[in-house]
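The values are calculated or read from the model by the stated rules, or taken from the named source; none is laboratory data. All values reported here derive from a predicted model rather than from experimental measurement. Every residue, glycine among them, receives a Cβ derived from its backbone with ideal geometry; neighbour counts consider all protein chains shown. Heavy atoms of the whole protein, side chains included, go into the accessibility calculation; ligands, DNA and RNA do not. Shrake-Rupley method; radii C 1.70, N 1.55, O 1.52, S 1.80 Å.
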Amino acid sequence: MNAIAIDGPAASGKSTVGFKVGRSLDFLFFDTGVMYRAVAWAILDKGISSADSEVVGRVAGALPISVNAPSRGESDGRQATIRIGELDVTWSIRSRQVDSIVSVVAANGKVRQELSRKQRLIGLEHGSGAGGKSGIVMAGRDIGTVVLPEAPLKIYLEAPLEERSRRRFRELSERGKAANFTDVQEDMLLRDKIDSERAVAPLRPAPGAHRIQTQGKTVQEVVGRILALAEEVLGVGPVSTGDEDVPFEGSPGNH
């Protein structure tokens, strides 16, 4: 199986790194977190409380979420286009309002059961090469532990709370979103607590995962480390190179 599982806390760099690794290897990149964000956005839109677990679970089961590669006309920095039905919610699901409840939504056992099942099917299909790509890079918080534990290469990205809060603050600011650093850091601390303490699939490194500290490194340095591991573990090398190297802060999609 050609599958790479990348887990880690919010704003550790999972989507930025995973996207570049996938592009380098010509693997499908699947940021599973967008599914939980889509559910969070939908219940906010419908005025449903995140504490109403039964109703939120039903919303997750019925929500028509699609994730596709950006079209040529979608050149606003997105790594994928996320739709609910026909509605493009790619940037809407990155709001601070969604940030504030997405970990509560993700801790909902009914939501996780429904979305994990869908994610696993995608992982098995593309990991076997049956989905039009030779492999898959899946990013999330429970890929290596729950969704695809048989992935031969597991990565756990980490960075200190202040560093991750700074990345998220800068990301919001660069997108023109009003943000206060203290509020962003408090939100991040709460998300960490909920993610690591939830009863179902808590955030933690998978057994055998390669832990990589992203603080003080550029994106391409981390990508290079994972590509080296992919060659060692999967026997695959990059089919494309030459991405401009950038720091983590401000990169679109960090979450």
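Here are a few things to note about the model shown:
- Stokes-Einstein D for the range 1-144, Kirkwood Rh over Cα pairs, 20 °C, 1.002 mPa s (µm²/s): 139 µm²/s
- The chain: most fluctuating residue of 63, 157, 229 per GNM, C-alpha cutoff 10 Å: 63
- Sorted largest first by accessible area at a 1.4 angstrom probe radius, with every protein chain in place, the residues 192, 7 fall in the order 192, 7.
- Solvent-accessible area per residue for the chain (1.4 angstrom probe, square angstrom): 43 Å²
- Scattering from the range 119-158 was approximated by placing one identical point on each alpha carbon and applying the Debye formula without solvent; log10 I(q)/I(0) at 0.18 1/Å stands at -0.45.
- Residue 173 contributes about 60 Å² of solvent-accessible surface, heavy atoms of the protein only, 1.4 Å probe.
- Placing pseudo-labels 7 Å out from each Cα toward the beta carbon at residue 183 and residue 117 gives an inter-label distance of 3.8 nm.
- Here, the chain is characterised by an Rg to Rh ratio of 0.93, where Rg is the alpha-carbon radius of gyration and Rh the Kirkwood radius.
- By a 1.4 Å probe calculation restricted to protein chains, residue 46 has an accessible surface near 120 Å², given to the nearest 10.
- Helical contribution to [θ] at 222 nm, DSSP H n ≥ 4, -39,500 (n - 2.57), averaged over the chain, rounded to 500: -14000 deg cm²/dmol
- Neighbour cut-off at most 15 other Cβ (10 Å), DSSP loop, GluC sites (Glu not before Pro), the range 148-233: 150
- In this structure the amide hydrogen of residue 155, modeled in the peptide plane, comes within under 5 Å of the amide hydrogens of 5, 6, 7, 210, none closer than 5 places in sequence on its chain.
- Working note: Karplus 6.51/-1.76/1.60 with θ = phi - 60° gives the range 186-193 the couplings 5, 4, 5, 4, 5, 4, 4, 5 Hz, where Gly and Pro are set to x.
- Rounded to whole Hz, the Karplus (6.51, -1.76, 1.60) HN-Hα couplings of the range 19-31, x for glycine and proline: 4, 5, 5, x, 5, 5, 8, 6, 9, 5, 9, 10, 8
- Note on surface exposure: 41, 91 rank 91, 41 by accessible area, highest first, 1.4 Å probe.
- Among the GluC sites (Glu not before Pro) in the range 40-110, those placed in a DSSP loop whose Cβ has at most 11 other Cβ atoms within 10 Å are 86.
- Lys, Arg +1 and Asp, Glu -1 on Cβ, resulting dipole of the range 1-105 about Cα centre, debye, nearest 20: 200 debye
- Rounded to whole Hz, the Karplus (6.51, -1.76, 1.60) HN-Hα couplings of the range 63-76, x for glycine and proline: 6, x, 8, 10, 10, 9, 5, x, 7, 5, x, 9, 10, 9
- Area of residue 203 that stays accessible when all protein chains are in place (1.4 Å probe, Å², to 10): 20 Å²
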